[in-house]
1. Distance cut-off 29 Å, Cα to Cα: go down the list A:LYS55/A:LYS95; A:LYS126/B:LYS122; A:LYS90/B:LYS138 and report the pairs above it.
2. At 25 °C and 0.890 mPa s, grab the translational diffusion coefficient of the range A:25-77 from Stokes-Einstein with a Kirkwood Rh over Cα pairs, rounded to a whole number in µm² per second.
3. With a Förster radius of 35 Å, plug the Cβ-Cβ distance of B:GLU115 and A:ASP35 into 1/(1 + (r/R0)^6) and report the FRET value to the nearest 0.05.
4. Would you calculate the separation in nanometres between label points at A:SER127 and B:ALA96, each defined as 7 Å from the Cα along the Cα-to-beta-carbon direction?
5. How big is the gap, in Å, between the Cα center of the range B:104-143 and the Cα center of the range B:18-52?
6. At the nearest 100 Å², what buried accessible area, both sides summed, do you get for A and B when the probe is 1.4 Å?
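The values are calculated or read from the model by the stated rules, or taken from the named source; none is laboratory data. As the structure is a computational prediction, the values presented were derived from the model and not from experiment. Cβ atoms come from the backbone with ideal geometry, glycine included; neighbour counts cover every protein chain shown. Note: accessible area is taken over every heavy atom of the protein model, side chains too, but ligands, DNA and RNA are not part of it. Shrake-Rupley method; radii C 1.70, N 1.55, O 1.52, S 1.80 Å.
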Amino acid sequence: MKALITVLMAALFSLPVTAQEAQLESLPGYVDFADLDAIYGEPRVMINIGGNLLKLLSAATAVDDPETAVMISGLEGVRIKVYPTAGNLKPALEKVNEARASLAAAHWEPVVQVYEADEEVQIFMKSGGDTIEGLTVMAVNGEEAVFLNILGVIDPKQIGKVMNSLNVDVELDTE
Amino acid sequence: MSEKGQPDYPELLDRFIDGEVTTGERQLLLCGAAEDPALGSKLASAMELQRALAGLPAEKAPTGLQRRLRTIPDKHPEPGPPRGWLLRPHWLIATAALVLALVGGGALYQHQQQEAELAQAKADLELVLAYLEKVNLKTRNRIHSTVSEVTSEPVARITARTLQDQLQLRQEFEL
């Protein structure tokens, strides 16, 4: 029975990246990152994980790692686009500014803003009543432009624990 | 003649009933029946059947039909309604086995595909979290601290709720 449910769920959740993106668009925490493909080419990293797949992933990790499972089960979508900037920051910074304006208009709260000569970081959070509906991170420097959008319930303490449990390496090497 | 050099008695019996045996073949059958009581019994039945058929006022049944009738086994466990060849037990078993094999193979393939998708989703999520942590470190842990301050109370309640949902989901999976 369990296998049958799993197979059915897999059939339901096996959606291409574009379809998952379309699913996420209707969520309140969704942020429409402007397309920078024309300027920087194909993104170095592009990930869209929908809520259904996250639920399934949560269920799959529930037995071995309940803390991670709880963190994942609260999420409704995870998206990221990473472009290599190769020192050309200006187009990415313009897009960040555009996104920042639209986020403010949509009642997102700016929680972290860093302006430095060679780097800019903008972090916004959207709360809906007593819940967090989204977290948006935009970070641009001479190496890369990162546009990250997490939709759903987010607990930074849990994220830290999950980072440890998953052995996430922050020294990213995506070349 | 059979492959072993022995006369093909079943075939001869068939032809005997049809009245198609030669004198030599008839003699062969009689000699064989004298040596083999089982063959003798069959030959006696065949003779009775031949007499019965000859005595029928109606036209003699076609030879093909008679042959098909004779392929029916001598002993039946239970007399039942006529069945087509597709409905015979061994065909039913073979068909059921084939269907089960196809369904089982398909389910196994989908299960493996789903496992691969889950592994990919987990790797993607780790990558997204790695980028989040990378930005967090660049901003001197300001994502964790700021978001924690803003959301500590709601997240506690939300976490409890998602934990409850998670347990329910697990119970459904275990059923």
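1. Exceeds cut-off: A:LYS55/A:LYS95.
2. Values: Rh = 13.0 Å.
It diffuses with D of about 189 µm²/s by this estimate.
3. Taking R0 as 35 Å, the efficiency between B:GLU115 and A:ASP35 is 0.60.
4. Output for this residue pair reads 6.3 nm.
5. 79
6. Details: alone 10080 and 14800 Å², together 19960 Å².
Summing both sides, the interface buries roughly 4900 Å².
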